[in-house]
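To keep things clear, I will list the structure first and then write my remarks on it.
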Amino acid sequence: MRKSVSHGQNGWFLENNTVRLFLTETGGHMAPVSFFHSSKKPLEPYFISPWQDEHQIPERPVLRPMRGDFFCVPFGIENAYRKEEHPSHGESAVGQWESPTVTMEGEDVFLSTRIRTKIREGSVRKEIFLKKDESVIYQRHIIEGFTGPLSLGHHAILAEPGKGRFLISHSPIQFGMVAPRREPAYRTQEYYSLSPSARFTRIEKVPTIWKEDPYTDCSVFPAREGFGDVLQIYQRQPRAQGKPAWICAGAPSEGYLWFALKNPEILNSTILWMENRGRHQVPWSGRTCCLGLEDVRSYFAEGLKYSARKNPLSEIGIPTSLRLKEKQALTVPYIQGVARITKSFGKVTHARFDKSGVSFFDADENRVEVPVSWGFLFE
């Protein structure tokens, strides 16, 4: 498979009749991704950081290829743990992935690549599947050789949807919490609007730092221009075991619904990173608008140091890390996809899974059906 270049990064293209994606060699970041790429109106929902096509090199390595979706192990910013000094979001998000092997069976395509980690000796194998006629990306990461606690997760980032807004919804949750903050809103050149460490039960009503406007609706984005906010929601286990948890971002103005499906027993929470021009350090420079929907097992993005020890979530029974025993491998499956919707399709209120795939419904019972083999999450 030959290397290519896309938006300043070396990597590889993978495609079938429905999906075309680019995977960076550095960090294994996935974007651009074009769904329905051979149609008259392909859809490209993922964010690509604006500095990719500039000459500046960000100080933090994870920002250099930053785009689309990438797998983080350990997940988070402060990843110093005992004698380990992991980079922000882990070696899997900043290191060099091996040249992949690609196999094809008709219009089904399979990619496999690997990164060998040094800070915690082991390896992570990345597998990507594209199936004929499906606007879906199947991913699997196999972690081998690691011993000890881990925070981990996917870091999907969506681009601002033109002149419209995302309508965000999710499967049932226990509750949510705003990220803790150790600095005032202005001291680090980052501005936030949500009340640090505040708990909530609905993303439509999240506490703010303002007395005159104490709540805001975080199910709509972009909102609160000039601020960058982080919150985390904690999924309930589905009543019927073996059913996925899900999160959606509908962009009716652009004609698409993005969704992600996961096994909630592995990735038990979702971080919403709502960046609306609130960061003013280089390379952000107050110009970045994107939506992170990050399915994780982690204590926010605080990193392994905080996720592996007691914290306000683990003390009430929400696991924020997992512990691998020697020679124990861990497989993390994940599904992302896109469906076309009309401009009248509202915010998703519920989902129904059956043998043919998943159907998403809005409040008026309008439905969009997506063929997807969601049993992949439980194999």
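The values are calculated or read from the model by the stated rules, or taken from the named source; none is laboratory data. Computed from a predicted model, the values in this text were never measured in an experiment. Backbone-built Cβ (ideal geometry, glycine too); neighbour counts: all protein chains shown. Keep in mind that these areas ignore ligands, DNA and RNA; they rest on the heavy atoms of the full protein, side chains included. Shrake-Rupley method; radii C 1.70, N 1.55, O 1.52, S 1.80 Å.
What to note about this one:
- Of the chymotrypsin sites (Phe, Trp or Tyr not before Pro) in region 137-203, the ones in a loop by DSSP (not H, G, I, E or B) with at most 11 other beta carbons within 10 Å are 186.
- Residue-wise HN-Hα couplings along region 151-156, as the Karplus relation 6.51 cos²θ - 1.76 cosθ + 1.60 with θ = phi - 60° gives them from phi, are 9, 7, x, 8, 10, 6 Hz; Gly and Pro carry x.
- Per-selection metrics, the chain (Cα): Rg and Dmax in Å: 19.4, 60
- Using distinct alpha-carbon pairs, which all enter the 1/r mean, Kirkwood radius of region 1-69 in Å: 12.5 Å
- Cα gyration tensor shape of region 264-379, rounded if a/c is under 1.5, else prolate or oblate by comparing a/b with b/c: oblate
- Rounded to whole Hz, the Karplus (6.51, -1.76, 1.60) HN-Hα couplings of region 342-356, x for glycine and proline: 8, 5, 8, 6, x, 5, 5, 10, 7, 10, 10, 10, 9, 5, 8
- Restriction of the GluC sites (Glu not before Pro) in region 76-161 to DSSP coil positions whose beta-carbon has at most 10 other beta-carbons within 10 angstrom yields 121.
- Using Cβ point charges alone (K and R +1, D and E -1), the dipole size of region 164-263 about the Cα centre works out to roughly 520 debye.
- Amide H contacts of residue 17 (H built 1.01 Å from N, under 5 Å, at least 5 apart or other chain): 133
- Karplus-based coupling profile of region 261-272, in residue order and whole Hz: 10, 8, 8, x, 6, 9, 9, 9, 8, 9, 8, 9, with θ = phi - 60° in 6.51 cos²θ - 1.76 cosθ + 1.60 and x standing for Gly or Pro.
- Under-5 Å amide H pairs with residue 136, H placed in peptide plane, nonlocal only: 131
- Taken along the Cα-to-beta-carbon direction at a fixed 7 Å, the label points for residue 82 and residue 10 span 3.5 nm.
- Rounded to the nearest 10 square angstrom, residue 53 shows an accessible area of 110 square angstrom against a 1.4 Å probe.
- Rounded to 0.05, the FRET efficiency of the residue 342 and residue 101 pair, given R0 = 45 Å and the Cβ-Cβ distance, is 0.65.
- If the chain linking residue 38 and residue 237 were pulled fully straight, counting 0.36 nm for each residue of separation and taking away their Cα-Cα distance, it would gain 67.8 nm.
- Annotation: amide H-H contacts under 5 Å for residue 303 (H modelled 1.01 Å from N, sequence separation of 5 or more, or interchain): 77, 78.
- Three-way shape call for region 156-241 based on the alpha-carbon gyration tensor, with the a/c threshold at 1.5: oblate
- Taking 0.36 nm per residue of sequence separation and removing the Cα-Cα distance, the residue 355/residue 282 pair yields an extension gain of 21.5 nm.
- Nearby lysines by direct alpha-carbon distance to residue 205 (threshold 16 angstrom, same-chain neighbours under 8 apart not counted): 347
- Cβ-derived FRET efficiency at R0 30 Å, residue 366 paired with residue 142, nearest 0.05: 0.20
- If the chain linking residue 112 and residue 212 were pulled fully straight, counting 0.36 nm for each residue of separation and taking away their Cα-Cα distance, it would gain 30.7 nm.
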